[in-house]
Amino acid sequence: MSIPSTRPYLPNRQILDKYINRIYDSGWLTNNGPLVNELTQRLEELFESDHILLVANGTLALQIAYQTLINSVDDQTSPIEAITTPFTFIATSNALKWEGITPIFTDINPTDWCLSANSIAEKINKNTQFIVPVHVFGNACPIEEINEIAEKYALKTIYDASHAFGIKYKGRNIVQYGDASIISFHATKLFHTVEGAMIRFKHKSDLAKAKEIINFGFNDNKEPCRLGINAKMNEFEAAVGLSILNDISDIIKERNNITAVYQDEFKNTPSVIKLNITNNSAYMPILLDSEATLLSTLKALKSHNIEAKRYFHPSLDTVEHLNPSNRCPISQDISTRILCLPIYNGLTTKEIKHICEIINHTINTHSIDNLDNNH
Ligand SMILES: *Cc1c(COP(=O)(O)O)cnc(C)c1O
């Protein structure tokens, strides 16, 4: 028995074929086609939110959001800075760097692993333009506190909501917050279009600008009016997205059941901390008591052909090419002890019990070993 950490959801063939037949009938493959438009509309309905733009992937979604919202500065010698979290997938910060923006890391909350609002203000200076928080594992950031700071200092907020598909905050879908929110639709995410992503903008004018940016900088009259890139979603990707969207409530229901089985299996293992599991079950993170326990757990799982991911590891304030200037001890601590367990549609209860048996056994023998070592 071999268990991967994730397995992309494959849509029902008959439903997918219906969409693909439409592509064959129209002969339209890319460039803002009918299926991309239909998926945009369906997502706007689902998220009760306008101003959604579909793009080629989550990394480009971040870059385009930064490009769209950036204020050009007269003084080219001082760098533009963004305050962001070190506890995220590296793309959040790579995309900043790629746009010539310096990520300034501030620490996370130990409770929800999201950017702590308390540490932001002290890092703001005249070069700061952005706050880039991440709703880690679907846990909502302290949005109201972050908003207050952003308003006070006239900063733009871009949320990386890649883990937060379908999550609500104070009764509204989470993508409705911030100047922009992005969600990656990569094959391994809860909802996917193979490769792809969305950006939700607060302002219609930003959406219009971003539409030009993703299409080589052409305006509606096909004139090159600004620096652009190619970041369009194509019709086949939209077909996969539309087919999967059809099943999304069942997908989430099944994953929530998986989460419940895991939680039950760990209920007598207090050293496994299951933090704030959110209601989309995009990930199954557990926090262990030490990196040593984590390494023995990983080793035990691997010997049974079970894949678990150190996610996120390392903390980005330790990654050289990002030129980190601050250290973030909470993020560093969490990142050494966190493990994401297998979760995907089709994972069976029997498999989950097998995984948990190995983990519980490893943790129990490990703590006995530690006791022995101490005596
Ligand atoms: C997956 C992910 C990304 C990158 O998205 P891609 O579509 O793979 O480029 C960015 N940020 C977070 C938090 C992610 O999980």
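Points worth noting:
- Residues located in segment 68-86, provided they are more than 10 Å from the ligand (Cβ to nearest atom) and crowded, with 20+ Cβ neighbours inside 10 Å: Thr68, Leu69, Glu81, Ala82, Ile83, Thr84, Pro86
- Taking segment 27-51 as the range and being open to solvent by 70 Å² or more (accessible area, probe 1.4 Å) and either touching an Asp or Glu at 6+ places or on another chain (Cβ under 7 Å) or more than 21 Å from Phe191 (Cα to Cα) (or both) as the test, the residues that pass are Trp28, Leu29, Asn31, Asp50.
- For beta carbons closer than 8 Å, sequence separation of 6+ or different chains, a first residue in segment 241-262 that is farther than 16 Å from Thr188 by Cα and a second that is among the charged types (D, E, K, R), the qualifying pairs are Leu242/Glu38; Leu242/Arg42; Val261/Lys353; Tyr262/Lys274.
- Of the criteria (1) within 15 Å of the ligand (Cβ to nearest atom); (2) of a type in the set (Asp, Glu); (3) over 16 Å from the mean Cα position of the chain (by Cα), which one Asp160 fails: (3)
- Single condition Cys328 does not satisfy, out of (1) open to solvent by 30 Å² or more (accessible area, probe 1.4 Å); (2) in contact (Cβ under 8 Å) with a residue 40 or more places away in the chain; (3) more than 30 Å from Tyr9 (Cβ to Cβ): (1)
- Single unsatisfied condition, Asn173 versus (1) open to solvent by 40 Å² or more (accessible area, probe 1.4 Å); (2) among the polar types (S, T, N, Q); (3) more than 16 Å from the ligand (Cβ to nearest atom): (1)
- Qualifying residue in segment 9-23 (condition: surrounded by 15 or more Cβ atoms within 10 Å (Cβ to Cβ) and within 16 Å of the ligand (Cβ to nearest atom)): yes
- For segment 196-206, the criterion of being more than 21 Å from Asn279 (Cα to Cα), more than 16 Å from the ligand (Cβ to nearest atom), without any contact (Cβ under 8 Å) to a residue 60 or more places away in the chain and not charged (D, E, K, R) is met by at least one residue.
- When segment 95-104 is limited to residues that are within 15 Å of the ligand (Cβ to nearest atom) and in contact (Cβ under 8 Å) with a residue 60 or more places away in the chain, the one that is least open to solvent (accessible area, probe 1.4 Å) turns out to be Pro103.
The values are calculated or read from the model by the stated rules, or taken from the named source; none is laboratory data. These figures come from a predicted structure and were not determined experimentally. Note that each Cβ is placed from the backbone with ideal geometry, even for glycine, and that neighbours are counted across all protein chains shown. Side chains are part of the model used for accessible areas, which takes the heavy atoms of the whole protein and leaves out ligands, DNA and RNA. Shrake-Rupley method; radii C 1.70, N 1.55, O 1.52, S 1.80 Å.
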